[in-house]
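What follows is a short report on a single structure.
The values are calculated or read from the model by the stated rules, or taken from the named source; none is laboratory data. Here the structure is a predicted model, which is why all the values come from computation and not from measurement. Note that each Cβ is placed from the backbone with ideal geometry, even for glycine, and that neighbours are counted across all protein chains shown.
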Amino acid sequence: MKAEIIAVGTEILLGDIVDTNSAYIAARLPAIGVDVYWISAVGDNVGRLKEVLERAWSRSDIAITTGGLGPTEDDVTREAIAAMLGEEPSVDSVLEDALRERFRRRGTDMPRRNLKQATLIPSAEAIPNARGTAPGWWVKKDGKQIISMPGVRAEMYNMWDEYVAPRLAAMSSGTVILSRTFKTTGVGEGAVDERLSPILSSTNPSIGVYAKQDGVQVRLTAKATSADEAMAMLNERDPLVKSLLGPIIWGVDDDTLEVIIGKILKEQRATLAVMESCTGGLIANLITDISGSSEYFKGGVVSYTNDVKTTIGVDPSLIEKHTVVSPQVAEAMAEAVRRKLGADVGLAVTGVAGPDPLEGSPPGTVYIGVSGKKGSRSTGGGFYPAGRLEIKRRAAYNALHALRKYLLDIE
């Protein structure tokens, strides 16, 4: 089956929000035998959305839309679909009763505007929404389909996982595309590509190399007539990819650095404390995104001034001698916060997020320190000729890479 995805919302076109819904759906369709050919975004305008839907109807088997199912006047996805198909929406009594009951449970009357969320056209059936007031639409006509889901991420994800994906999978009889992603660190995109040169000409499975914030990723993609066959192809090629990349691989598929580090710390029964200068708390945020991180994470200090660093325990003379942006100070910060918070391991970052230089160091200069029972270690976190936010993000991920290496005794 051939599909395209349409993200609806003027806020997407204005850059107020990033369209993550389309990426979520696109990443999951190939595994259930649905090929994605186009992704587009359109504002909250009935006429323009109708044009986009007509184009999708003419060239795709399935159009999947997200957004525009709310109760307000500018939520026009239903109206555009109805206009495109020449059908008249009407209130469905079952949907209306369910909607009114949802508001009663909240202890409030349903606004009249919400009644549009209980409408259907003859070619549409409702898709349940367990997380919100807007049911989806599943439209079938003339061998074509339109699947419309809310734009609110939690609502869309639940609707997709619970109702849409299983039904699409049961309908699909085409090829299945499965991927396996190998995540690497310490080597640039070109160098990774060179290591893989013996197998880059392979077309099925195919190989792609992509630079990401947490390192360079290698995606192995197999196309087959069944999921089992595609998985067998990935498993057959897996050892060769690993042999070519070797120890630069730190994770596979959905692995994240923060999860892996948490597992290592728990296995070693070790605790962690962090002191962050240029990253401003991003490392602590990544670590505490993981449920249960209080088991191994003692806490963190955002030391944006030298006074804070020395208060925690960094020797002022060290800063004066080497400057605050130096490997020596990074090590001292890691040791100071480890002692101050009573942790087994300390992790620290110092650098220049920019846009101005600091004490002779240009923006993008970063140093990372790690300290523990194995001693102290510092490393250059890299030089990133990028904007302030990108520098902070890359520094945070490189700090986690340095911590992982320290914990696993990798040089």
Task: Residue selected from the stretch 181-224 under the condition β-branched (V, I, T) and over 18 Å from A27 (Cα atoms), by the criterion nearest to the chain's Cα centre (by Cα) - done: V216
Task: Odd one out for V52, checked against (1) part of a strand (DSSP E or B); (2) more than 21 Å from E155 (Cβ to Cβ) - done: (1)
Task: Tally, over the stretch 241-259, of residues that are assigned to a helix (DSSP H, G or I) and either of a type outside the set (D, E, K, R) or under 20 Å from S291 (Cα atoms) (or both) - done: 10
TODO: Considering only the stretch 280-396, give the helices (runs of 4 or more DSSP H) lying wholly within it that have at least 1 residues that are over 32 Å from the mean Cα position of the chain (by Cα).
DONE: 306-312, 316-322, 327-341
TODO: Select from the stretch 4-16 the residues that are surrounded by 15 or more Cβ atoms within 10 Å (Cβ to Cβ) and under 18 Å from the mean Cα position of the chain (by Cα) and write down the one among them that is nearest to E162 (Cα to Cα).
DONE: A7
Open item on the list: Can you find a residue that is modelled with pLDDT under 95, basic (K, R) and in contact with a strand residue (DSSP E or B) (Cβ under 8 Å, 6 or more places away or on another chain) anywhere in the stretch 227-250?
Closed with: no
Open item on the list: I'd like to check something: does the stretch 316-329 contain any residue that is in the same structural domain as S371 (by TED's automatic domain parsing), exposed (fewer than 15 other Cβ atoms within 10 Å of the Cβ) and in contact with a strand residue (DSSP E or B) (Cβ under 7 Å, 6 or more places away or on another chain)?
Closed with: no
Open item on the list: Any residue in the stretch 210-230 that is loosely packed, with under 15 Cβ neighbours inside 10 Å sitting within a Cβ distance under 7 Å of a residue that is not in a strand (DSSP E or B)? List the pairs, counting only those 6 or more apart or interchain.
Closed with: A211/E189; Q213/R393; Q213/R394; Q213/Y397; T225/T175
TODO: Say whether the condition of being buried (at least 16 other Cβ atoms within 10 Å of the Cβ), among the small types (G, A, S) and not in a helix (DSSP H, G or I) is met by at least one residue in the stretch 86-108.
DONE: no
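Here's a check for you: in the stretch 52-85, which residue that is among the basic types (K, R) and closer than 18 Å to S22 by Cβ is surrounded by the fewest Cβ atoms within 10 Å (Cβ to Cβ)?
The qualifying residue surrounded by the fewest Cβ atoms within 10 Å (Cβ to Cβ) is R59.
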Open item on the list: Please determine whether any residue of the stretch 263-270 is in the same structural domain as Y367 (by TED's automatic domain parsing) and not in a helix (DSSP H, G or I).
Closed with: yes
- [ ] Return yes or no: is Q117 at pLDDT 95 or above, crowded, with 16+ Cβ neighbours inside 10 Å, part of a helix (DSSP H, G or I) and of a type in the set (S, T, N, Q)?
- [x] yes
- [ ] For the stretch 150-172, indicate whether the set of residues that are surrounded by 18 or more Cβ atoms within 10 Å (Cβ to Cβ) and without any contact (Cβ under 8 Å) to a residue 24 or more places away in the chain is non-empty.
- [x] yes
Task: Condition broken by G186, with the remaining ones in (1) outside any strand (DSSP E or B); (2) farther than 24 Å from R104 by Cα; (3) outside the structural domain of I248 (by TED's automatic domain parsing); (4) touching a residue at least 40 places away in the same chain (Cβ under 8 Å) satisfied - done: (3)
Open item on the list: Residue under question is D75, and the condition is that it be assigned to a loop (DSSP other than H, G, I, E, B) and free of Cβ contacts under 8 Å to residues at least 12 places away in the same chain; does it hold?
Closed with: no
